[in-house]
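Here is the structure we will look at.
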Amino acid sequence: MELLPLLFLSFCFLTLSGRTFAAESGTPVTRVTVKEDDDAILPCSLDTNENIESMLFDWKKEGKQVFIYNNGTHHNNDFEDQSVEFKGRVSHFPEELKHGNASIRITDTRLEDKGNYICIFPKSQSGGIRFHIELAVGAAPEPSVTNLDETNDWAVLKCDVKGAYPKPTVEWWDSNNQIIPSEEPQVSKKGERFYVILKTTVKKTGRYRCAATQKEIWHQAHTEINVRLNEFPVGWVIATFVFCVLFVLVLLYLLRTRVCNYINGLQAAREYV
Ligand SMILES: *[C@@H]1O[C@H](CO)[C@@H](O)[C@H](O)[C@H]1NC(C)=O
Ligand SMILES: *[C@@H]1O[C@H](CO)[C@@H](O)[C@H](O)[C@H]1NC(C)=O
């Protein structure tokens with residue numbers, strides 16, 4: 001039952017960003033969530049909307065240099081001290097500078113890009129304005145499902161989620177939108193990524209769905225499988241029953257005809273005597 005709202009939320013993946021407050025400092029933190037390999041736009045705008053084309057702003061991530069803009073020069077044409085991991089992947093929006101907008105775009109987002117960013121205007125009045133942006137990056141692979149083993153009465157289904165981040169919750173659902181019992185999930189980790197295998201045994205023909213949910217990034221992916229078991233063959237039982245009844249009826253009819261003929265024969269013989 002929980003599935004439907006989450007399915008809807010999965011469409012929000014790319015556009016999701018919201019403002020929360022860091023518990024300790026009380027500074028506003030803008031949270032941006034993005035899927036691995038997609039582009040991330042980190043927002044930063046002066047409330048005054050003043051033109052910042054001739055100003056200086058600086059983007060940093062946990063001490064690393066991400067992007068500097070200074071009166072028309074920026075990382076992509078001049079500055080040398082940009083952190084290697086961001087080389088060639090960060091750009092700003094020149095047309096937006098007039099409106100006080102210092103947002104940047106990071107292309108081809110990787111899991112390692114997740115973390116805390118600050119956007120600083122060091123030369124502004126009051127000794128520098130800072131904006132805090134938290135970037136969450138998710139890896140959300142589709143689950144793959146297989147039918148491992150099958151008899152007439154049951155089938156063992158396996159769901160494989162490979163290389164997800166953050167750790168997904170994996171569940172098997174039936175076509176009535178009920179979670180069905182399954183074995184303990186087998187979870188392993190390589191680097192940051194999680195690998196989850198979840199097996200279940202089903203005893204009814206039907207459509208089953210394996211869902212991987214990552215609440216932190218508001219994402220859910222699922223894959224379905226059809227299972228056809230040779231359950232009790234009701235149709236054949238009815239057909240056989242009907243056939244037997246007809247057979248007995250025909251037999252009785254034939255028998256009756258023969259007995260009548262026999263009796264008629266006897267009577268004819270007696271009259272003759
Ligand atoms: C920005 O650059 C222009 C020319 O490149 C220069 O005339 C101007 O003084 C500079 N402004 C600041 C604030 O450094
Ligand atoms: C700043 O520019 C970016 C890129 O065009 C845009 O997505 C964002 O909404 C702008 N921010 C504001 C406050 O206008």
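Can you tell me which residue is surrounded by the most Cβ atoms within 10 Å (Cβ to Cβ) among those in region 35-45 that are more than 9 Å from ligand 2 (Cβ to nearest atom) and either of a type in the set (D, E, K, R) or at pLDDT below 95 (or both)? Step through it out loud before you land on a result.
We begin by selecting, within region 35-45, every residue more than 9 Å from ligand 2 (Cβ to nearest atom); these are 35-40, 42.
Narrowing further to those that are either of a type in the set (D, E, K, R) or at pLDDT below 95 (or both): 35-39.
Details: Lys35: 16, Glu36: 18, Asp37: 11, Asp38: 14, Asp39: 14.
Among residues in region 35-45 that are more than 9 Å from ligand 2 (Cβ to nearest atom) and either of a type in the set (D, E, K, R) or at pLDDT below 95 (or both), the one surrounded by the most Cβ atoms within 10 Å (Cβ to Cβ) is Glu36.
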Checklist (1) within 24 Å of Glu112 (Cβ to Cβ); (2) hydrophobic (A, V, I, L, M, F, W, C); (3) open to solvent by 60 Å² or more (accessible area, probe 1.4 Å) applied to Val237, failing item
(1)
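Is it the case that Lys189 is within 18 Å of Leu148 (Cα to Cα) and either open to solvent by less than 70 Å² (accessible area, probe 1.4 Å) or assigned to a strand (DSSP E or B) (or both)?
Numbers: within 18 Å of Leu148 (Cα to Cα): no; either open to solvent by less than 70 Å² (accessible area, probe 1.4 Å) or assigned to a strand (DSSP E or B) (or both): yes.
Considered against the rule, which asks whether it is within 18 Å of Leu148 (Cα to Cα) and either open to solvent by less than 70 Å² (accessible area, probe 1.4 Å) or assigned to a strand (DSSP E or B) (or both), Lys189 comes out as no.
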What pairs come up if the first residue lies in region 54-65 and is farther than 13 Å from Ile120 by Cβ, the second is in a loop (DSSP other than H, G, I, E, B) and not charged (D, E, K, R), and their beta carbons are under 7 Å apart, counting only those six or more places apart or on different chains?
Ser54/Asn71; Lys64/Ser83
Kindly check whether there is at least one residue in region 103-125 that is at pLDDT below 90 and away from ligand 1 (no atom under 16 Å from the Cβ).
no
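If I filter region 127-167 down to residues being among the acidic types (Asp, Glu) and not in a strand (DSSP E or B), which single residue comes out as farthest from the chain's Cα centre (by Cα)? Break it down stepwise before answering.
Restricting attention to region 127-167, the residues satisfying the condition of being among the acidic types (Asp, Glu) are 134, 142, 149-150, 153, 160.
When the remaining residues are screened for being not in a strand (DSSP E or B), the result is 142, 153.
On the way: Glu142: 6, Asp153: 30 Å.
Out of the qualifying residues, it is Asp153.
Given the residues Thr151, Thr48, which is the only one that is within 13 Å of ligand 2 (Cβ to nearest atom) and open to solvent by 10 Å² or more (accessible area, probe 1.4 Å)? Full working, then the answer.
Working: Thr151 fails: within 13 Å of ligand 2 (Cβ to nearest atom).
It is Thr48.
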In this structure, does Lys215 turn out to be surrounded by fewer than 18 Cβ atoms within 10 Å (Cβ to Cβ) and within 15 Å of the chain's Cα centre (by Cα)?
yes
Residues of region 55-71 being out of contact with any helix residue (DSSP H, G or I) (no Cβ under 9 Å at 6 or more places or on another chain) and surrounded by fewer than 18 Cβ atoms within 10 Å (Cβ to Cβ), in sequence order, are Leu56, Lys60, Glu62, Gly63, Asn70, Asn71
When both residues are 6+ apart or on different chains and their Cβ atoms are under 6 Å apart, which pairs have a first residue that lies in region 34-51 and is in the same structural domain as Ala102 (by TED's automatic domain parsing) and in a loop (DSSP other than H, G, I, E, B), and a second that is more than 16 Å from ligand 1 (Cβ to nearest atom) and open to solvent by 70 Å² or more (accessible area, probe 1.4 Å)?
Asp39/Arg105; Asn49/His99
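The values are calculated or read from the model by the stated rules, or taken from the named source; none is laboratory data. Because the structure is a prediction, the values reported are computed rather than measured. Heads up, the Cβs are rebuilt from the backbone with ideal geometry, glycines too, and the neighbour counts pull from every protein chain shown. Ligands, DNA and RNA are stripped out before the accessible areas are found, and what is left, the full protein with its side chains, is counted by its heavy atoms. Shrake-Rupley method; radii C 1.70, N 1.55, O 1.52, S 1.80 Å.
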